[in-house]
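Novice: Here it is, the structure, as structure tokens.
The values are calculated or read from the model by the stated rules, or taken from the named source; none is laboratory data. Predicted model, so just to flag it, every value in this text is computed and none were measured. No Cβ is skipped: glycine too gets one built from the backbone with ideal geometry, and neighbour counts run over all protein chains shown. Heavy atoms of the whole protein, side chains included, go into the accessibility calculation; ligands, DNA and RNA do not. Shrake-Rupley method; radii C 1.70, N 1.55, O 1.52, S 1.80 Å.
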Amino acid sequence: MPPVPSGYGLPRRAAAALTGLTLAAAGLSATAFAPAPAATPTAHTVATAADFPVRVNQLGYLPDGPKRATVVSSATAPLPWQLRDASGAQVAAGTTTVHGADRASGQSTHLVDFGGYTGTGSGFTLVVDGRSSHPFDISAALYDGLRADSMSFFYQQRSGIAIDPALAGSAYARPAGHLGVAPNKGDTSVPCQAGLCDYRLDVRGGWYDAGDQGKYVVNGGIATWELVNSFERARRSGGDAALGDATLRVPERGNGIPDVLDEARWELDFLLRMQVPDGKPMAGMAFHKMHDAQWTGLPTRPELDDQQRELHKPSTAATLNLAATAAQCARVYAPYDAAFAARCLDAARRAWTAARANPNVLALATDNTGGGAYEDADVSDEFYWAAAELLATTGESQYRDAVTSSPHHTGPVDAFWWGGTATLGRITLATVPGVALPADDVARLRGLLTTAADGYLSTMAGQGYAAPIPADGYVWGSNSSVANNAMVMAVAYELTGAARYRAGALETMDYLLGRNALDRSYVTGYGERASENQHHRFWAHQNDASLPHPPAGSFAGGPDAALEDPVAKAQLAGCAPAACYVDDIGSYSTNEVAINWNASLAWLAAFAAERRPAPASCSVAYRVDNAWGNGFTATVTVRNTGTSTVSGWTLGWSFPGDQRISGTWNASTTQSGAAVTARDAGWNGTLAPGASASFGFQATYSGTNPAPARFTLNGADCA
């Protein structure tokens with residue numbers, strides 16, 4: 001049938017946001033998570049991109065974040081703009097900045113910056129030269145719903161479990177797929193491809209990779225790492241409660257384990273099952289992938305797939321993905337399930353040993369019948385990533401030697417994706433407290449990451465639409481590249497506290513949610529012109545009206561200038577790179593979903609949703625008073641630069657190196673890894689405006705002794 005005009009519009013956007021807020025309630029019901037009913041199509045809901053030359057983040061903006069928009073106009077002089085609230089009243093005004101020709105979009109553009117407006121509310125519009133944008137919100141809670149919905153995507157991609165209508169909504173409920181219940185032929189006893197092995201494996205569970213029902217270790221590896229790393233980052237920032245137990249729509253909620261880790265474990269268990277058993281040829285290696293012998297028809301519900309499933313040849317890349325994610329698992333799950341963490345570490349060690357013994361078992365491009373090949377001719381990056389994760393978890397010299405001898409350890413930070421994972425290792429080494437590397441080595445890695453982030457900011461600054469990829473970067477899965485590069489900027493923000501990096505990551509979300517060449521939100525359910533016909537075998541309403549659209553929070557792959565499917569070739573000939581996208585279920589090269597793409601979105605949504613305290617009115621002076629071979633003493637002075645009295649203070653910082661405090665005076669300190677918390681001694685806890693308090697400590701160190709780059713007073717950043 002022809003594409004169905006969008007009837008969801010603003011009501012669905014609002015419903016999607018409310019979905020996440022509902023999680024605060026103790027109970028769940030099927031109706032709580034059902035999609036909003038479709039509205040009657042109108043001229044407004046089916047309007048084309050050309051009708052809205054004022055391009056905004058169609059979800060909205062954070063009160064303390066950047067607020068910029070793009071206007072498509074060939075005018076050579078600035079244009080007047082007005083920001084209007086829901087009643088139509090003007091609340092801010094100004095003139096545009098002429099940007100001119102934008103290579104990626106092929107459009108002439110102007111820029112609007114309304115960041116000076118500090119109000120909040122819903123239903124704002126930006127009007128430029130008489131033309132209005134889509135309505136949007138300004139709210140600190142803006143990304144709460146997307147944080148939950150982008151994670152719910154993974155629950156609904158689960159294999160081997162029935163999808164509960166109380167968690168997913170009645171339209172998305174389905175029986176468990178691929179458990180050996182007819183007509184399925186299993187994932188519980190899967191043979192190898194002919195001639196590959198003489199045994200079967202139980203490889204149930206995991207996530208379906210994309211719009212198809214295959215399961216791939218290399219894509220599962222990066223997706224799992226991103227979800228678990230999202231929790232690691234939030235725990236370091238103090239925002240992990242938002243990803244904690246009973247915050248997401250997963251069946252394990254209420255078990256005392258953070259829900260994001262429950263979800264990631266569903267895939268981790270599958271990855272562990274893909275390891276070649278002891279006593280078999282290539283023991284410890286991981287099978288590269290598992291999927292149907294032939295491509296599954298579109299649409300096909302998972303429980304109705306009648307094809308034979310097959311294990312494909314183990315690969316070094318898959319084995320190192322297992323080693324990396326299992327090592328990360330051992331580190332992060334240890335406080336919640338020590339037995340599972342130990343199982344992960346054992347699998348990681350065996351995978352590392354097997355990969356070292358089989359370093360060139362490469363996945364080939366020709367293995368593409370029934371599923372993607374995920375070929376990879378260079379696995380040096382996977383070796384580096386796996387060694388980094390094992391080092392961060394164990395501190396052992398064999399893994400440190402593998403890290404420091406890799407060319408990836410000293411090279412510039414490159415963009416990461418499933419086939420290029422070195423930067424995942426760099427992020428781990430730069431951010432995990434207490435990693436067993438010299439302090440100057442860690443500082444150098446951090447510098448490489450911030451240099452890469454500065455490069456992305458520079459790329460964004462030269463564009464009419466601020467996306468952190470160049471005009472020639474619109475390839476298959478370009479939205480994933482955009483999101484991954486935004487993650488690097490967010491990491492740079494964590495490392496430095498520099499506001500420009502957070503602004504870059506947030507402005508990337510603007511691009512993904514509508515401020516782009518097509519006036520299109522690439523996230524289902526978020527924005528008045530949101531994608532809703534992504535390539536998928538169950539969420540296939542465009543092909544079968546009895547099946548649903550993708551659920552809210554599903555992330556489309558995005559523009560692909562190569563036009564690599566028949567629908568794209570037919571509909572997009574001559575498109576500018578950033579406009580080579582069509583919301584059609586048949587356009588798998590521009591409009592498929594994938595777990596690694598949604599993992600990037602979920603990571604960014606959690607970062608964007610995190611509440612950040614207002615900057616403190618304080619300054620901190622840090623001075624090393626005396627230093628000797630492996631120790632030093634220092635004085636820290638905190639000053640109240642505000643107009644209100646501080647009654648009780650807690651100062652926080654992280655050492656860049658391996659400094660360990662051994663004694664303190666005029667304050668009390670605790671240290672966990674690199675993170676230090678200093679509290680007043682009682683008698684010096686009150687700081688009137690302009691007053692200061694000093695305390696000192698003695699510490700040990702090795703290598704260099706760099707000063708902390710960032711201090712917080714009672715949770716807020718100090719100057």
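Novice: Among all residue pairs at least 6 apart or on different chains, which show Cβ distances below 7 Å where the first residue, located in the stretch 476-505, is in contact (Cβ under 8 Å) with a residue 60 or more places away in the chain and the second is of a type in the set (Lys, Arg) and open to solvent by less than 20 Å² (accessible area, probe 1.4 Å)?
Specialist: 494/233
Novice: If we only count strands (runs of 3 or more DSSP E) wholly inside the stretch 641-719, which ones have 2 or more residues that are without any contact (Cβ under 8 Å) to a residue 60 or more places away in the chain and within 29 Å of residue 64 (Cα to Cα)?
Specialist: Details: elements: 650-654, 660-665, 667-672, 675-680, 692-700, 711-713.
Passing ranges, in order: 675-680.
Novice: With the condition being open to solvent by less than 20 Å² (accessible area, probe 1.4 Å), over 25 Å from residue 609 (Cβ atoms) and among the β-branched types (Val, Ile, Thr), I'd like the strands (runs of 3 or more DSSP E) fully within the stretch 51-149 carrying at least 1 qualifying residues. Don't jump to the end; show me each part of the working.
Specialist: Numbers: elements: 68-72, 80-84, 90-95, 97-102, 107-113, 121-128, 136-138.
Filter on the stretch 51-149 gives 68-72, 107-113, 121-128.
Novice: Limited to the stretch 182-203, what total is found for residues that are crowded, with 17+ Cβ neighbours inside 10 Å and either at pLDDT 95 or above or β-branched (Val, Ile, Thr) (or both)?
Specialist: To start, the set of residues in the stretch 182-203 that are crowded, with 17+ Cβ neighbours inside 10 Å comprises 184-188, 190-192, 197, 201, 203.
If we keep only those that are either at pLDDT 95 or above or β-branched (Val, Ile, Thr) (or both) as well, we get 184, 187-188, 190-192, 197, 201, 203.
Final tally of qualifying residues: 9.
Novice: I've got another one for you. Could you please find all residues in the stretch 246-266 being closer than 18 Å to residue 226 by Cβ and part of a loop (DSSP other than H, G, I, E, B)?
Specialist: Going through the stretch 246-266, the residues closer than 18 Å to residue 226 by Cβ turn out to be 247-248, 250, 258-266.
Hits for the stretch 246-266 are 247, 248, 250, 258.
Novice: Working carefully through the options 341, 318, find the one that is touching a residue at least 12 places away in the same chain (Cβ under 8 Å), under 28 Å from the mean Cα position of the chain (by Cα) and surrounded by 24 or more Cβ atoms within 10 Å (Cβ to Cβ). Before the answer, list the steps.
Specialist: Numbers: 341 fails: surrounded by 24 or more Cβ atoms within 10 Å (Cβ to Cβ).
Result of the check over 341, 318: 318.
Novice: Within the stretch 628-640, identify whether any single residue is modelled with pLDDT of 90 or more, in a loop (DSSP other than H, G, I, E, B) and crowded, with 18+ Cβ neighbours inside 10 Å, and answer yes or no.
Specialist: no
Novice: OK, next. Give me the pairs: first residue in the stretch 530-553 and at positive phi, second residue open to solvent by less than 10 Å² (accessible area, probe 1.4 Å) and of a type in the set (A, V, I, L, M, F, W, C), beta-carbon distance under 7 Å, and six or more apart or on different chains, which are they?
Specialist: Sorted first by the residue in the stretch 530-553, then by its partner, the pairs are 553/146; 553/153; 553/523.
Novice: Residue 252 - would you say it is of a type in the set (D, E, K, R) and within 23 Å of residue 372 (Cα to Cα)? It would help to see each step written out before you state the result.
Specialist: Numbers: of a type in the set (D, E, K, R): yes; within 23 Å of residue 372 (Cα to Cα): no.
In short, no.
Novice: Take the residues of the stretch 166-181 that are outside any helix (DSSP H, G or I) and in contact (Cβ under 8 Å) with a residue 24 or more places away in the chain: which is surrounded by the most Cβ atoms within 10 Å (Cβ to Cβ)?
Specialist: Out of the qualifying residues, it is 178.
Novice: Within the stretch 263-276, is there a residue that is buried (at least 18 other Cβ atoms within 10 Å of the Cβ) and over 30 Å from residue 365 (Cα atoms)?
Specialist: yes
Novice: While we're on this one: Can you work out which of the residues in the stretch 244-262 that are of a type in the set (A, V, I, L, M, F, W, C) and within 18 Å of residue 158 (Cβ to Cβ) is most open to solvent (accessible area, probe 1.4 Å)?
Specialist: Step one: filter the stretch 244-262 for residues of a type in the set (A, V, I, L, M, F, W, C), giving 246, 248, 250, 257, 260-261.
Filter again for within 18 Å of residue 158 (Cβ to Cβ), leaving 248, 250, 257, 260-261.
Working: 248: 5, 250: 5, 257: 30, 260: 3, 261: 1 Å².
Filtering the stretch 244-262 for residues that are of a type in the set (A, V, I, L, M, F, W, C) and within 18 Å of residue 158 (Cβ to Cβ), the one most open to solvent (accessible area, probe 1.4 Å) comes out as 257.
Novice: Could you list, in sequence order, the residues of the stretch 267-296 that are among the acidic types (Asp, Glu) and in a helix (DSSP H, G or I)? Outline the logic, then answer.
Specialist: Filtering the stretch 267-296 down to residues among the acidic types (Asp, Glu) leaves 267, 269, 278, 292.
267, 269 - these are the residues of the stretch 267-296 that are among the acidic types (Asp, Glu) and in a helix (DSSP H, G or I).
Novice: Could you identify the single residue in 334, 388, 373 that is open to solvent by less than 40 Å² (accessible area, probe 1.4 Å) and in contact with a helix residue (DSSP H, G or I) (Cβ under 6 Å, 6 or more places away or on another chain)?
Specialist: Step by step, each of 334, 388, 373 is checked, and only 388 is open to solvent by less than 40 Å² (accessible area, probe 1.4 Å) and in contact with a helix residue (DSSP H, G or I) (Cβ under 6 Å, 6 or more places away or on another chain).
Novice: Grab the helices (runs of 4 or more DSSP H) fully contained in the stretch 564-615, keeping just those with 2 or more residues being closer than 24 Å to residue 228 by Cβ. Talk me through it step by step, then tell me what you get.
Specialist: Values: elements: 566-571, 588-591, 595-609.
Counting at least 2 such residues, we get 595-609.
Novice: Something else: Search the stretch 659-673 for residues being at pLDDT below 90 and under 19 Å from residue 702 (Cα atoms), and hand back the single one that is surrounded by the fewest Cβ atoms within 10 Å (Cβ to Cβ). Break it down into steps so the answer makes sense when it comes.
Specialist: Initially, the stretch 659-673 is screened for residues at pLDDT below 90, giving 670-673.
Keeping just the survivors that are under 19 Å from residue 702 (Cα atoms) gives 671-673.
Details: 671: 20, 672: 10, 673: 14.
Restricting to residues being at pLDDT below 90 and under 19 Å from residue 702 (Cα atoms), the top hit is 672.
Novice: Can you tell me how many residues within the stretch 277-294 are open to solvent by 10 Å² or more (accessible area, probe 1.4 Å) and not aliphatic (A, V, I, L, M)? Steps first, answer last, please.
Specialist: From the stretch 277-294, those open to solvent by 10 Å² or more (accessible area, probe 1.4 Å) are 277-283, 293-294; that's our starting set.
Keeping just the survivors that are not aliphatic (A, V, I, L, M) gives 277-281, 294.
Within the stretch 277-294, residues that are open to solvent by 10 Å² or more (accessible area, probe 1.4 Å) and not aliphatic (A, V, I, L, M) number 6.
Novice: Output the residue which, of all residues in the stretch 608-627 that are modelled with pLDDT of 85 or more and among the hydrophobic types (A, V, I, L, M, F, W, C), is farthest from residue 241 (Cα to Cα).
Specialist: 627
Novice: Exactly one of these conditions fails for residue 402: (1) in contact with a strand residue (DSSP E or B) (Cβ under 9 Å, 6 or more places away or on another chain); (2) open to solvent by 10 Å² or more (accessible area, probe 1.4 Å); (3) assigned to a helix (DSSP H, G or I). Give me its number.
Specialist: (1)
Novice: While we're looking at this one, here's another question. Considering each residue of the stretch 469-496, count those that are open to solvent by 20 Å² or more (accessible area, probe 1.4 Å) and of a type in the set (Gly, Ala, Ser), and give that number. Working first, answer last.
Specialist: Within the stretch 469-496, the subset open to solvent by 20 Å² or more (accessible area, probe 1.4 Å) is 470, 472, 475-476, 481, 493-496.
Adding the requirement that they be of a type in the set (Gly, Ala, Ser) leaves 481.
Number satisfying all stated conditions: 1.
Novice: Assess whether residue 241 counts as being within 23 Å of residue 430 (Cβ to Cβ), assigned to a helix (DSSP H, G or I) and either open to solvent by less than 10 Å² (accessible area, probe 1.4 Å) or of a type in the set (A, V, I, L, M) (or both).
Specialist: Values: within 23 Å of residue 430 (Cβ to Cβ): no; assigned to a helix (DSSP H, G or I): yes; either open to solvent by less than 10 Å² (accessible area, probe 1.4 Å) or of a type in the set (A, V, I, L, M) (or both): yes.
In short, no.
Novice: Something else now. Consider the stretch 553-588. How many of its residues are of a type in the set (S, T, N, Q) and open to solvent by 20 Å² or more (accessible area, probe 1.4 Å)? Please lay out each step first, then the result.
Specialist: Residues of the stretch 553-588 of a type in the set (S, T, N, Q): 554, 571, 587.
With open to solvent by 20 Å² or more (accessible area, probe 1.4 Å) added as a condition, the list becomes 571.
Total meeting the criteria: 1.
Per-residue answers, yes or no, for (1) open to solvent by less than 20 Å² (accessible area, probe 1.4 Å); (2) assigned to a helix (DSSP H, G or I):
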residue: 413; (1), (2): no, no
residue: 424; (1), (2): yes, yes
residue: 428; (1), (2): yes, yes
residue: 442; (1), (2): yes, yes
residue: 447; (1), (2): no, yes
residue: 453; (1), (2): yes, yes
residue: 458; (1), (2): no, yes
residue: 467; (1), (2): yes, no
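One line per residue, one yes/no per condition, for (1) in contact with a strand residue (DSSP E or B) (Cβ under 7 Å, 6 or more places away or on another chain); (2) closer than 25 Å to residue 323 by Cβ:
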site: 425; (1), (2): no, yes
site: 431; (1), (2): no, yes
site: 435; (1), (2): no, yes
site: 454; (1), (2): no, no
site: 460; (1), (2): no, no
site: 482; (1), (2): no, no
site: 519; (1), (2): yes, no
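Novice: So, of the residues in the stretch 297-315 that are in a loop (DSSP other than H, G, I, E, B) and charged (D, E, K, R), which turns out to be surrounded by the fewest Cβ atoms within 10 Å (Cβ to Cβ)? Show your work before the answer.
Specialist: Initially, the stretch 297-315 is screened for residues in a loop (DSSP other than H, G, I, E, B), giving 297-301, 305-308, 312-313.
With the extra rule that they be charged (D, E, K, R), the set shrinks to 301, 305-306, 313.
Values: 301: 15, 305: 19, 306: 11, 313: 19.
Among those residues, the one meeting the criterion is 306.
Novice: Sticking with this structure for a sec: Looking at the stretch 674-695, which of its residues are over 37 Å from the mean Cα position of the chain (by Cα), over 13 Å from residue 648 (Cβ atoms) and buried (at least 21 other Cβ atoms within 10 Å of the Cβ)?
Specialist: If the condition is that a residue be over 37 Å from the mean Cα position of the chain (by Cα), over 13 Å from residue 648 (Cβ atoms) and buried (at least 21 other Cβ atoms within 10 Å of the Cβ), then 695 is the only one that fits.
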